[in-house]
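These notes concern the structure reproduced below.
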Amino acid sequence: MPGAGSAQAAGPPRYLLLFIAVVETLLFSGVFFGWASLVYVLKADGFFTYLCDAAPVGGNNVSSLVENRTDSWTASQGANGTALPTVVGCDAQNSQFSLIFTLTTNMFAFGSVLAGLLFDTAGIKWTRVCWALCAALGAALLGSAQPDEPLVHLVLPAMLVYALGANCVLLSNMAVGDLFGDKKSTVVTLIAGAFDSSSAVFLLLKILYMDAGFPFHVFCYLLAALSMLSLIPTFFLFPNKSFQNNNDNEEEAITDDETPEMYSGSDDKPKFRQIVTSGLFLSHVMYMCVENLSINFVIGSANGWFNTLTGQQPDKVNLWTNIFGYFMMAGLLLDPITGLVNDRALKLNIRLEGDNPRARQLASIPVFTICVTLTTLLYAFLTLSVIEPRRVEEVMGLSLVSTSDMFIMFLVVVISRGFVYGGNVSFIANAFPPEYTGRLYACVLCGMGVINTLQIPLMMWVQQNDDNPLYVYILLLCMNLLAAAHPISVSRYCRNNKVLPTAEVTPSSSNTDSAAKLGKVSFIKVKEMAPMTEVEE
């Protein structure tokens with residue numbers, strides 16, 4: 001495989017490293033996106049019930065909610081199909097859980113700054129050590145939380161620590177993609193899919209706790225122990241800095257007929273400041289902020305959404321929560337589609353104009369277009385269903401309470417989520433110099449975190465409108481329509497910054513960079529290129 005053979009020869013088999021990266025990302029990265037499943041467990045156990053009034057939503061009082069707590073839940077009870085505990089809760093309790101989820105996702109975004117700097121400066125090994133410690137601490141705090149004060153407040157720091165380490169998991173494991181050459185986009189989106197599917201961890205917790213009586217705190221402590229086991233491959237299999245620099249003789253293993261690397265000429269490589277202030281990058285940040293807010297609003301409001309659709313029936317809420325969790329697991333299978341689309345487009349562009357930044361940036365346009373289309377259709381259907389559900393069902397044959405239509409909705413959410421986050425990591429990994437990957441990823445997530453705080457006023461807006469999210473759906477629909485400007489912006493940027501090959505570079509005493517030694521082609525922006533003169537021998 002081009003660009004991978006040397007690194008493969010210098011270390012363990014790349015497929016073993018890929019397997020480890022996928023499993024670790026699946027277990028310890030974006031577990032907080034399974035928030036709907038965890039909320040169901042916490043409500044069943046009576047967390048934050050002291051916030052409820054005498055008559056919470058659904059007509060149940062606080063005493064009935066607490067009496068039905070699952071402190072003494074046994075395996076026989078779950079297996080015999082006894083009535084599920086009342087987990088409807090109240091507005092104040094729901095708001096508390098929504099606040100925790102919003103703060104968690106914001107920590108995931110803003111914590112990316114520390115993770116990005118750590119990854120770019122300290123390298124893979126210490127980034128992995130950091131996430132292992134964060135995952136262990138977060139799981140231990142969550143297992144130590146109790147329904148009564150003050151231990152009930154351990155839920156928030158547990159989720160914040162988990163979110164802080166999630167970026168380190170993702171960045172350190174995405175580096176494995178450097179071993180796979182022209183399949184890098186597929187590999188990094190496979191790992192991003194594992195990140196999406198990691199929400200299944202809390203779904204597994206919900207199933208074991210509610211149906212089999214497995215202790216909640218024991219499950220969390222097991223996760224903490226497993227995270228510490230990741231230190232074994234960290235110190236024995238993964239390099240200190242990066243896979244690209246893992247072999248000192250890497251240049252000798254590259255043949256002259258291989259595709260030239262982008263930014264091969266040192267004079268053509270943009271500075272970090274130039275990248276983060278460019279219209280291309282700022283457009284990408286805007287796009288990611290809109291899509292992230294859209295997807296997170298659906299996930300964060302899922303529990304309230306299910307309660308509204310089912311008429312506050314706990315058994316149906318439990319059913320839809322499980323089904324939604326199963327769909328979220330599909331990210332591991334669906335997200336690599338993003339990488340395949342990107343890799344196919346990249347091969348086509350490279351065949352047309354060579355391997356250069358412009359070709360790699362253009363390759364992401366189909367991914368961005370598909371994502372915007374899916375999320376726009378999602379909120380268009382949600383808006384129509386809220387405006388006049390009976391009329392929509394008569395005309396379109398769609399209804400949010402229909403099983404088949406709910407499956408369609410879940411599928412759209414999962415696929416669009418994969419194109420959002422998979423497209424982001426693929427774009428950053430391919431379109432910009434690799435030494436800036438961590439910091440650019442951090443900048444994108446910081447922008448996402450700032451805009452993601454809008455979830456709190458959006459949730460309050462829904463509650464003030466008698467739990468009717470119509471105006472929020474309309475707002476997010478309009479924002480997604482504006483996000484369609486991003487693929488147009490990428491296309492326009494690339495058209496205005498074309499690159500052409502210069503004369504063949506030959507080795508000389510004054511030019512000793514790797515590109516000159518290998519006879520590679522250097523690329524220069526057309527609009528900045530001086531009139532071409534005859535190359536002197």
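Pick from region 6-31 the residues that are assigned to a helix (DSSP H, G or I) and modelled with pLDDT under 85: which of them is surrounded by the fewest Cβ atoms within 10 Å (Cβ to Cβ)? Reasoning before the result, please.
Residues of region 6-31 assigned to a helix (DSSP H, G or I): 6-10, 14-28, 31.
From what's left, modelled with pLDDT under 85: 6-10, 14.
Numbers: Ser6: 20, Ala7: 25, Gln8: 20, Ala9: 12, Ala10: 15, Arg14: 20.
Only one residue fits best here, namely Ala9.
Go through the residues of region 413-423 one by one and say whether even a single one is among the charged types (D, E, K, R) and not in a helix (DSSP H, G or I).
no
Residues in region 134-145: is at least one of a type outside the set (A, V, I, L, M, F, W, C) and under 25 Å from Tyr421 (Cβ atoms)?
Scanning region 134-145 turns up at least one residue that is of a type outside the set (A, V, I, L, M, F, W, C) and under 25 Å from Tyr421 (Cβ atoms).
From Ser278, Ser283, Ser294, which residue is closer than 22 Å to Val367 by Cα, modelled with pLDDT of 75 or more, over 20 Å from the mean Cα position of the chain (by Cα) and hydroxyl-bearing (Ser, Thr, Tyr)?
Testing whether each residue is closer than 22 Å to Val367 by Cα, modelled with pLDDT of 75 or more, over 20 Å from the mean Cα position of the chain (by Cα) and hydroxyl-bearing (Ser, Thr, Tyr) leaves just Ser278.
Take the residues in region 194-248 that are under 15 Å from Val169 (Cα atoms) and in contact with a Ser or Thr (Cβ under 8 Å, 6 or more places away or on another chain), then tell me which one is surrounded by the most Cβ atoms within 10 Å (Cβ to Cβ).
Among those residues, the one meeting the criterion is Phe195.
Taking Thr259 as the residue in question, decide whether it is at pLDDT below 80, under 21 Å from the mean Cα position of the chain (by Cα) and either assigned to a loop (DSSP other than H, G, I, E, B) or buried (at least 16 other Cβ atoms within 10 Å of the Cβ) (or both). Outline the logic, then answer.
On the way: at pLDDT below 80: yes; under 21 Å from the mean Cα position of the chain (by Cα): no; either assigned to a loop (DSSP other than H, G, I, E, B) or buried (at least 16 other Cβ atoms within 10 Å of the Cβ) (or both): yes.
No.
Quick test of your reading of the structure: Leu378 fulfils all but one of (1) at pLDDT below 80; (2) open to solvent by less than 50 Å² (accessible area, probe 1.4 Å); (3) under 20 Å from the mean Cα position of the chain (by Cα). Name the failing condition by number.
Unmet condition: (1).
Quick one: which helices (runs of 4 or more DSSP H) sit completely within region 87-145 and have at least 3 residues that are of a type in the set (Ser, Thr, Tyr) and either open to solvent by 30 Å² or more (accessible area, probe 1.4 Å) or closer than 29 Å to Asn303 by Cα (or both)?
The helices (runs of 4 or more DSSP H) meeting that bar are 91-110.
Based on this model, can you work out whether Leu348 counts as modelled with pLDDT of 85 or more and in contact with a Phe, Trp or Tyr (Cβ under 7 Å, 6 or more places away or on another chain)?
So Leu348 fails the test.
Filter region 347-357 down to residues that are assigned to a helix (DSSP H, G or I) and buried (at least 23 other Cβ atoms within 10 Å of the Cβ), then give me how many there are.
0
Taking region 40-50 only, how many residues are assigned to a helix (DSSP H, G or I) and open to solvent by 10 Å² or more (accessible area, probe 1.4 Å)?
2
The values are calculated or read from the model by the stated rules, or taken from the named source; none is laboratory data. Predicted, not measured: the structure shown is a model, and the values here were computed from it. Here Cβ is always computed from backbone atoms with ideal geometry, including for glycine, and neighbour counts include all displayed protein chains. The accessibility values were calculated without ligands, DNA or RNA, using every heavy atom of the protein model including side chains. Shrake-Rupley method; radii C 1.70, N 1.55, O 1.52, S 1.80 Å.
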